[in-house]
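Student: One structure, as structure tokens, below. Some questions next.
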Amino acid sequence: MSSLSDDLALNHLTLPGSHDTCAYTIEDPLAKTQGATLAEQLAHGVRVLDIRCRHQDDVFHINHAHIPLGLMFEDVIAVCAAFLARHPGECIVMSVKDECGSRDCTRSFAQTFGSYVRHHAGPRWYLDETIPSLGEVRGAIVLLRRFASESALGIDLSAWPENDTFELNLPTAAFSIQDEYRVPVRASIDYKFRVIEALLVHTGRSSLGRWMINFCSGTGMGANPRMVACGDDGGRGINDMMLGRLAGHDGPCGTVMIDFCEYADWALVRALVARNSPLVPDIGTVQMAGR
């Protein structure tokens, strides 16, 4: 992001993201979605995080559904803060989801989130309701809010339905999102790729007014996340299929959420980052602007 123009809105960029970002700490084949740590993901170009919290005793534990991942929200903030301190020209987009409801708490999920923002030293948070330009959020974390709040707090995606392709038309921002995660058997991978592709073909210059978020992830009892993402002896997975499809796609790809981002030496992440190359200002223009 450091070489991109300040006036680019985040929804105009191609942003690699990791689905269920922190589910690298477990080995359950139906729950593990990443093989690289959060720090490694950020270092290799992942810029959109999917952070899912269990609100218990007025703190956030990081979960995958009801499975604890052995991390706390302050661990996530610390890694992000360290990355942004080293790379102040970058930003991080963080979806924060209420994964399990509240247990033994004296305050709401939103109030506990606010306490983290106030009391944990580190990165600046972008908590406005509008889609920002890159210049507004360099060195910051942009909140995509997937939890209830009585007051304005970040970009409100709390109306997110389950297992669907949908639009959210907020007063301050518009989204088109594909999150059809149910892939019951291996034969269903082809259907999953078709819904990914259907949103991708609408993600181009004609849709720059919307933020497009496309989930490549999927799971089911007969097709665990690694099989869906990486394939097996029976055929290719979504990551390879998506990589091949990008060769014929013109324009940006929006935000693409990936399982096992590190697969094939981060090939899909690298290909998505490269989609931003046409947006890099001409070096002559940059030099003139600096005079």
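Student: Rounded, prolate or oblate: pick one for region 135-189, where a ≥ b ≥ c are the square roots of the eigenvalues of its C-alpha gyration tensor, a/c under 1.5 means rounded, and failing that, prolate if a/b is larger than b/c, else oblate.
Tutor: Judged from the Cα gyration tensor, region 135-189 comes out prolate (a/c at least 1.5, a/b above b/c).
Student: Relative contact order of the chain: what whole-number percent is it, with Cα pairs under 8 angstrom and at least 6 residues apart?
Tutor: Answer for the chain is 23 percent.
Student: Expressed in nm to one decimal, what extension gain is obtained for the pair residue 236 and residue 74 from 0.36 nm per residue of sequence separation less their Cα-Cα distance?
Tutor: Extra length available between residue 236 and residue 74 comes to 54.6 nm.
Student: Moving on to the next point. Provide the FRET efficiency to the nearest 0.05 for the residue 106-residue 170 pair, computing r from the beta carbons and using R0 = 22 Å.
Tutor: 0.15
Student: Grab the beta carbon distance between residue 245 and residue 151, set R0 = 45 Å, and tell me the FRET efficiency rounded to 0.05.
Tutor: With R0 = 45 Å, the Cβ-Cβ based efficiency is 0.65.
Student: So for region 1-55, considering every pair of alpha-carbon atoms, how many percent are separated by more than 16 Å?
Tutor: Summing the P(r) of region 1-55 above 16 Å gives 51 percent of all pairs.
Student: Once R0 is set to 30 Å, what does the formula 1/(1 + (r/R0)^6) return for the Cβ-Cβ distance between residue 279 and residue 159, expressed as a FRET efficiency to the nearest 0.05?
Tutor: It comes to 0.45.
Student: Rounded to the nearest 20 debye, what is the charge dipole size of region 10-289 about its Cα centre when +1 sits on each Lys and Arg Cβ and -1 on each Asp and Glu Cβ?
Tutor: 380 debye
Student: Counting Lys and Arg as +1 and Asp and Glu as -1, what is the net charge of the other residues whose Cβ lies under 14 Å from the Cβ of residue 112?
Tutor: Charge balance in the 14 Å sphere: -1.
Student: Hey, another quick one. Taking the DSSP beta bridges in region 10-289 as the whole, what percent of them are antiparallel, to the nearest 5?
Tutor: Antiparallel bridges make up about 30 percent of those DSSP assigns within region 10-289.
Student: Something else now. In angstroms, what radius of gyration and Dmax does the chain have, counting Cα atoms only?
Tutor: Cα radius of gyration and Dmax of the chain are 18.4, 60 Å respectively.
Student: Which value, in Å³ per residue, describes the convex hull spanned by the Cα atoms of region 1-150?
Tutor: Dividing the Cα hull volume of region 1-150 by its residue count gives 106 Å³.
Student: Starting from the Cα gyration tensor of region 147-225, take the square roots of the eigenvalues, sort them a ≥ b ≥ c, and report rounded, prolate or oblate (rounded when a/c is under 1.5, otherwise prolate if a/b is larger than b/c, else oblate).
Tutor: oblate
Student: In deg cm²/dmol, rounded to 500, what helix-only [θ] at 222 nm does the chain give when every DSSP H run of at least 4 residues adds -39500 (n - 2.57) and the total is split over its residues?
Tutor: -8000 deg cm²/dmol
Student: To continue, here is another question. Looking at region 78-234, what % of the alpha carbon pairs are farther apart than 18 Å?
Tutor: Summing the P(r) of region 78-234 above 18 Å gives 67 percent of all pairs.
Student: Between residue 44 and residue 129, with labels modelled 7 Å along Cα→Cβ, what's the label distance in nm to one decimal, could you check?
Tutor: 3.8 nm
Student: Moving on to the next point. In whole Å, what are the Cα extents of region 94-151 along the three principal axes, biggest one first?
Tutor: 40, 23, 19
We did not get these values from a lab; they are worked out from the coordinates using the rules stated. For clarity, every value in this text was computed on a predicted model and none was experimentally measured. Note that each Cβ is placed from the backbone with ideal geometry, even for glycine, and that neighbours are counted across all protein chains shown.
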